[in-house]
Amino acid sequence: MKKHNFSAGPSILPQVAVENASKAVLDFEGTGLPLICMSHRSKEFDNVVVETEQLFKELLNIPDGYKVFFVGGGASTQFFHIPYNLLEKKAGYVNTGVWAKKAKKEANLFGEVVEVATSEDKKFSYVPKGYSIPTDIDYLHITTNNTIYGTELHEDIDCPVNLVADMSSDIFSRPVDVSKYAMIYGGAQKNIGPAGATFVIVREDILGKVSRPIPSMVDYRLQVKNSSMFNTPPVFPIYVIRETLKWLKSIGGVEEMYKINKKKAGVIYDEIERNPLFKGAAVKEDRSLMNITFVLNEGFENLQETFLEESKAAGMVGLKGHRLVGGFRASTYNALPLESAEALVKFMQEFEAKHTK
Ligand SMILES: *Cc1c(COP(=O)(O)O)cnc(C)c1O
């Protein structure tokens, strides 16, 4: 049966990227060697890294002065690499959920941390806006898409200090004005590749400003200087990222993707609003195009397990909500086809008909 993959991460990737990856595992582009058995310093693999960085620059319109590199460790490792490299005295964090909070916690080990804004008062169901940003902080950290709660910051904010953004779950989903950010980073496994690679986009002039000694692997300057090759990078994930970005380019890039993403999320949100069984978990203006969170309406809560069982039987994978929010979460990352969103809507309508008799 055809599966509709709504997994929050690791998650659906373009079919062509998965197919090319499976071929490359056996024979990497006619070299006669499996991709996973060859030197990361070979000319062939070096090309993959160079092309992947180039696709980042091209698809995100990254201005001069920025570098892109890939490391292991996941976004969570960046949570402490960021203050290690950038926090001299004080940093600001916007607390919009679990990942934002984890990032902030790590910064406490390196200096003073202020919570500039939070949406914890309403269980992270919205994104704080219009808060004033102190100018005496080394950087402001934000999380643009809150994967667990299903909220998203839909525009690039103006920030008087260096702006650092965790874009793990919405990178490449919409056009971004990279020039407004000092650094953008994220784990690959939500929207661009398999688990194991982390991307970092950093404006070079912000580096080298802290007085503490920095271990080599943590030091962004060395990662930048060695173009992802300071040590063995995550070879296989980087290859899949390249294939995913080639696919993205082929369908028209980020602008086109954004249109498709709005359409996909739109059909599901419309159904959540129409269907008397469900209600959205995030406020309308801040709801995410990537992670659609919804719960059962009053009176229908007993259908939680039934919905999961029946949706699974209908080929829908990964709809269980995060335990902190409950209910359901449909992740509609770039590679999810519109037909999967439509299949979910159809299923929700059938579910309504069956259970409201
Ligand atoms: C998944 C996620 C993380 C954690 O990523 P890891 O690569 O597992 O460390 C961090 N931030 C956001 C927004 C995420 O969605």
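Derivation of every value follows stated rules applied to the coordinates shown; laboratory data play no part. Quick caveat, the model's predicted, so the values are computed rather than measured. As a convention, Cβ positions derive from the backbone with ideal geometry for all residues, glycine included, and neighbour counts pool all protein chains shown.
Rounded to 0.05, the FRET efficiency of the residue 339 and residue 232 pair, given R0 = 41 Å and the Cβ-Cβ distance, is 0.55.
Students often get this wrong: which residues of the range 283-300 have the backbone nitrogen under 20 Å from the point 7 angstrom along Cα-to-C-beta of residue 195? Taking a point 7 Å out along Cα→Cβ of residue 195, the residues of the range 283-300 whose backbone N falls under 20 Å are 291. Placing dummy labels 7 Å off each Cα toward the beta-carbon, the span from residue 274 to residue 356 is 1.1 nm. Relative to the Cα centre, the charge distribution of the range 1-109, modelled as +1 at Lys and Arg Cβ and -1 at Asp and Glu Cβ, gives a dipole magnitude of about 740 debye.
Computed over the range 15-250, relative contact order equals 27 percent, with contacts defined as Cα pairs under 8 Å that lie 6+ residues apart.
Note on residue 135 and residue 204: the model spin-label points, each 7 Å out from Cα along the C-beta direction, lie 2.9 nm apart.
The length gained by stretching the chain between residue 1 and residue 122 to full extension, at 0.36 nm per residue less their Cα-Cα distance, is 39.6 nm.
Applying 1/(1 + (r/R0)^6) with r as the Cβ-Cβ distance of residue 323 and residue 298 and R0 = 25 angstrom yields a FRET efficiency of 0.75.
In terms of the Cα gyration tensor, with a ≥ b ≥ c the square roots of its eigenvalues, is the chain rounded because a/c is under 1.5, prolate because a/b exceeds b/c, or oblate? The shape class here is oblate. Distance from the alpha carbon centroid of the range 1-61 to that of the range 89-167 works out to 32 angstrom. When the Cα positions of 40, 62, 96 are compared along the charge dipole of the chain, 40 comes out farthest toward the positive end, with charges on each C-beta of Lys, Arg, Asp and Glu.
Extension gain, residue 88 to residue 40, is 13.8 nm, computed as 0.36 nm per intervening residue step minus the present C-alpha separation.
Figure legend: label point modelled 7 angstrom from the Cα of residue 285 along Cα→Cβ; residues of the range 88-111 with amide N under 18 Å from it are 96.
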